[in-house]
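Working notes, beginning with the structure itself.
The values are calculated or read from the model by the stated rules, or taken from the named source; none is laboratory data. Note that the coordinates shown come from a computational prediction; the quantities given were computed from them, not determined experimentally. A quick note on method: Cβ atoms are made from the backbone with ideal geometry, for glycine too, and the neighbour counts reach across all protein chains shown.
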Amino acid sequence: MPELNEVIRSALQAIGHGEIALKYETLEPPCVISLPDLATEAGPGYELAFFQLLKERMQPILSRRAPNINVLGLQNCVRFLQSVKTWSRGCSELRTEIVDFLRAQLEKDKSEVLLTIR
């Protein structure tokens, strides 16, 4: 990865963007958490088991100080856990709980992480 950074910095300088080249750095590839996979593992309606699995999946990622986490499949996960095909008020509430839980995990760990939730 250091070689790639140098090539990109050289290219930026060559096209006249030396200021950007000085500050350029690449991020490590993101750690990916699939919420539908965790929901399937927990089972439909088993929200407490889901949150425990999510916590267990987050802890090693946070302990190794990963700078970038992608959490995927939020809507499908919520529908599965709620056992519904169409979105409901309960879905909105659970979605908020999951997002709040993820943010709380980051705050508790005091990690500076780029968190993407889709």
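The residues in the range 67-91 that are in contact with a helix residue (DSSP H, G or I) (Cβ under 9 Å, 6 or more places away or on another chain) and either aliphatic (A, V, I, L, M) or under 23 Å from residue 111 (Cα atoms) (or both) can be counted, and the count is 8.
Selection of the range 1-14 for residues being at pLDDT 85 or above and assigned to a loop (DSSP other than H, G, I, E, B) yields an empty set. Taking the numbered list (1) closer than 26 Å to residue 115 by Cβ; (2) buried (at least 17 other Cβ atoms within 10 Å of the Cβ); (3) more than 25 Å from the chain's Cα centre (by Cα); (4) of a type in the set (A, V, I, L, M, F, W, C) in turn, residue 8 passes all entries but (2). The number of residues in the range 52-75 being surrounded by fewer than 16 Cβ atoms within 10 Å (Cβ to Cβ), over 10 Å from residue 35 (Cβ atoms) and either touching a residue at least 60 places away in the same chain (Cβ under 8 Å) or not small (Gly, Ala, Ser) (or both) comes to 10.
With the requirement that a residue be part of a helix (DSSP H, G or I), modelled with pLDDT of 95 or more and touching a helix residue (DSSP H, G or I) at 6+ places or on another chain (Cβ under 8 Å), what does the range 15-46 give you? Hits for the range 15-46 are 35, 36, 38, 39, 40, 41, 42.
Residues in the range 81-118 that are of a type in the set (Gly, Ala, Ser) and in contact (Cβ under 8 Å) with a residue 12 or more places away in the chain: 83, 111.
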